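The values are calculated or read from the model by the stated rules, or taken from the named source; none is laboratory data. Just so it is clear, the model here is predicted, and its values are computed rather than measured. As a convention, Cβ positions derive from the backbone with ideal geometry for all residues, glycine included, and neighbour counts pool all protein chains shown. In case anyone asks, the SASA skips ligands and DNA or RNA and just uses the protein heavy atoms, side chains included. Shrake-Rupley method; radii C 1.70, N 1.55, O 1.52, S 1.80 Å.
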Amino acid sequence: MHDFPLFLDLHGKDVLVVGGGTVAWRKVQALHKAGAKVRLVAKTLCAEIAASPVDHVAEQFEPKWLDGVWLAIAATDDELVNEAVAEAANARQIWVNVVDQRALCSAIVPAVVERKPVTIAISSDGQAPVLARRLREKLEAEVPQWTGALAALMGRFRDKVASRFAAFSDRRRFWEALLDGDTGQQLAKGDTQAAEVELEALLAGENRRSGWLKLVGAGPGDPDLLTLKALQAIQAADVIVYDRLVSDAVMNLARRDADFISVGKEKGLHSVPQPEIEAILVREAGAGKRVVRLKGGDPFVFGRGGEEVLAARAAGIEVDVVPGITAAAACSARTQVPLTHRGLANQMTLVTGHCQPGGEDANWRALAQPKSTLAIYMGLTQSSHIADELMAGGLAASTPVLVVENGTRPEERRFRTDLGHLADTVEQAQVKSPALLMIGDTVTLYQEAK
């Protein structure tokens, strides 16, 4: 470790910033946020600084401006000025940061994730600041917004907990039990009062942890397309009940100590019947566990999520639904084939090509509408029938079709064809599920990758 990580209390303390551009302005804003008294030395100012109430000295830098300061920051594009600031600060034993010039720095400004009062700082020792910022972006996604509220709540109860538990080991176990409980879920809903009630109950020796159930959309497979809420739910779950279409990349984001229950569904190979899936969800959540029902795409788009919500409600189980990016939206974005486009399609229809045993087939002839995009899920087996019915309904055999297999995943494949040749394309290319059929004039906008 080259640098010693340290947080500085700059409230009410003098800090010097040399430079008047946009980089200097960002430093001034951060310092003001930390409560520092900032003096800025620069001959010229950018518009943002000029409009701010910062203490400004419109002169060239001179060492005298370092008198009494705790920290100096040089943010100019003049290397000689930056060197002068660093040399003068070092001579006075004042910490100095020179933006983008590691060799001149005695202090590094890290990339920061803030969940006040929690602050996470990331440094690469000045070697790779862009990488540090990228890590910050990842942490921004993974650290819930309510983390700060949880830290503040723990701070308010710190004395009570200390008086209740004399031994440090007992206090540690109490706080761990709190973090493993439902307090965070209450804060996520903005219910601080319920969170305090939860903490008071734990302090009184009551084990109030209850289970919950979240139906989470895993999207089409690319883990970067998960919503923040989906990621947080997956990482908090004790039990994950998942489908075949959930990608390994998404599953790898879960806790290693979670219980994984596969209820994978595939046409003709329904490993777990729907009523049994619902019974599993009710059983696990009813036992006080945090359960995520992880579904490919979105839970409410051909995912039978509505049935699982009703089953949970009937059992008195708290249930939340976290939406996911459905295949039609994901494949549209990835292939740059819009679902609607002026002059080509003013409406879109999402439809499944797979009906339940004893169910009714879609009215394909009624769906053969001009200026419309059809996005058909689970339509491979019925592709010949679907094409025939759409053409019987009035769509031309030349109507463009894009078949997207494993959309957004590394193994994605695409096949551009038309309605008259759809079944032959599916057969000759040996297209496998999951695949989406996009049918309509918007497919004319598709361009093969170069």
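For this structure, a couple of remarks:
- Reachable lysines, given that their alpha-carbon falls under 16 Å from the alpha-carbon of Lys27 and they are not under 8 places away in the same chain: Lys13, Lys37
- Rg ratio (alpha-carbon, reference 2.2 N^0.38 Å) - the range 225-315: 1.03
- Here is the list for the range 157-229: trypsin sites (Lys or Arg not before Pro) lying in DSSP coil, each with at most 13 other C-beta atoms within 10 angstrom of its C-beta, are Lys189.
- Charge sum, other residues only, whose C-beta stays under 10 Å from Arg164's C-beta, Lys/Arg counted +1 and Asp/Glu -1: 0
- Estimated D of the chain in µm² per second, where Rh is the Kirkwood radius over Cα pairs and Stokes-Einstein applies at 10 °C, 1.306 mPa s: 60
- Applied to the range 97-104, the Karplus parametrisation 6.51 cos²θ - 1.76 cosθ + 1.60 on θ = phi - 60° returns per-residue 3J(HN,Hα) values of 10, 10, 4, 6, 9, 4, 5, 8 Hz, with x for Gly and Pro.
- Among the GluC sites (Glu not before Pro) in the range 119-218, those placed in a DSSP loop whose Cβ has at most 15 other Cβ atoms within 10 Å are Glu206.
- Rounded, prolate or oblate (a/c below 1.5 giving rounded, otherwise prolate when a/b exceeds b/c) for the range 1-125 by Cα gyration tensor: oblate
- Here the Gaussian network model covers the chain, with springs between Cα atoms less than 10 Å apart; of Ser262, Ser384, Ser52, Ser52 fluctuates the most.
- Taking a straight line from the alpha carbon of Lys432, these aspartates and glutamates sit under 12 Å away, with near neighbours fewer than eight places off in the same chain left out: Glu266, Glu405, Glu411, Glu412.
- Cα gyration tensor category, rounded, prolate or oblate, for the range 152-248 with a/c compared to 1.5: prolate
- Taking the charge dipole of the range 22-109 about its Cα centre, with +1 at Lys and Arg Cβ atoms and -1 at Asp and Glu Cβ atoms, the residue from Gly35, Cys105, Ala89 reaching farthest to the positive side is Gly35.
- Furthest towards positive pole of dipole, Gly407, Thr340, Thr352, structure part the range 335-450, Cβ charges: Thr340
- Between the listed residues Leu178, Ile120, Gln235, the Cα displaced farthest toward the positive end of the dipole of the range 92-251, a dipole computed from Cβ unit charges relative to the Cα centre, is found at Ile120.
- Value of [θ]222 nm, deg cm²/dmol, for the chain, DSSP H segments ≥ 4, -39500 (n - 2.57) each, nearest 500: -10000 deg cm²/dmol
- Total lysine pairs under 20 Å (Cα atoms) in the range 198-317, excluding pairs fewer than 8 apart on one chain: 8
- Electrostatic dipole magnitude of the range 322-450 [Cβ: Lys, Arg +1; Asp, Glu -1; Cα centre; debye, to 20]: 480
- Phi-derived couplings, Karplus 6.51 cos²θ - 1.76 cosθ + 1.60 at θ = phi - 60°, listed residue by residue for the range 371-388: 6, 9, 10, 9, 10, 10, 8, 6, x, 5, 4, 9, 4, 5, 5, 4, 4, 4 Hz, with x used for Gly and Pro.
- For the chain, averaging the sequence separation of C-alpha pairs within contact (under 8 Å, six or more residues apart) and dividing by the residue count gives a relative contact order of 9 percent.
- Projected area, mean over directions - the range 267-332, Cα convex hull, nm²: 4.9
- Net dipole in debye of the range 73-139 [+1 Lys, Arg Cβ; -1 Asp, Glu Cβ; about Cα centre; nearest 20]: 580
- Within the accessible area of the range 21-103 (1.4 Å probe), percent carbon and sulfur: 51
- Restricting the range 295-359 to trypsin sites (Lys or Arg not before Pro) in coil, as DSSP defines it, with at most 14 other Cβ within 10 Å: Arg342
- Assuming charge only on the beta carbon of Lys and Arg (+1) and of Asp and Glu (-1), the dipole of the chain about its Cα centre is about 600 debye to the nearest 20.
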